[in-house]
1. Could you tell me the calculated FRET efficiency between Tyr30 and Cys68, based on Cβ-Cβ distance and R0 = 22 angstrom, to the nearest 0.05?
2. What is the sum of charges around Ser32, taking Lys and Arg as +1, Asp and Glu as -1, for the other residues whose C-beta is under 10 Å from the C-beta of Ser32?
3. Assign one of three labels to region 17-79, namely rounded, prolate or oblate, based on the Cα gyration tensor with a ≥ b ≥ c the square roots of its eigenvalues; rounded applies when a/c is under 1.5, prolate when it is not and a/b is larger than b/c, and oblate otherwise.
4. Where the only charges are on Cβ atoms (+1 Lys, Arg; -1 Asp, Glu), what is the dipole of region 51-98 about its Cα centre, to the nearest 20 debye?
5. Would you list which lysines come within 30 Å of Lys26, measuring only between C-alpha atoms, while excluding same-chain residues fewer than 8 positions from it?
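Read the figures in this text as sums done on the coordinates, not as results from a lab. All figures in this text were calculated on a predicted structure; none of them were measured in a lab. Ideal geometry is used to build each Cβ from the backbone, glycine not excepted, and the neighbour counts take in all protein chains shown.
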Amino acid sequence: MQNKYIIGIDGGASKTVGIVFNNKGKTINYKSTLGANLSVNEEVSANRVINLINQLIDESRINSHEICAIGIGLAGASNHTGRERLFGLLDNLSLSDKTVITNDVESIYEYIWKNKEGILVNVGTGVVCISK
């Protein structure tokens, strides 16, 4: 099987981290940059995420068509215009159809409700506490 790659981005208010790994689970590259909260500055934040993705691709010496998925957990992801800006930039790279953008607590929230139990406390730029 030809190598396929996945990119994961964790974008918080103070730091944004990206990782590339292959379909066998091997980490190919890891980088971090400044924060990327879409609610703080949607243009700067969207550009930081795109620049990070481009750096990860370039430094990993892979082609963007080899990327099968990108998951972005991003502070301020509920900012509609910021999300649209980021998706537009991803579309310019032909990566928008392979990308999921969510906020930094949504996936855990879904897990808790699916399993009907759990407690989620997220302390970051804001504080979120959910339990069931």
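1. Numbers: r = 19 Å, r/R0 = 0.85.
About 0.75, to the nearest 0.05.
2. +1
3. Working: a/c = 2.26, a/b = 1.98, b/c = 1.14.
The shape class here is prolate.
4. Using only the charged Cβ atoms, the result is roughly 120 debye.
5. Lys4, Lys15, Lys98, Lys114
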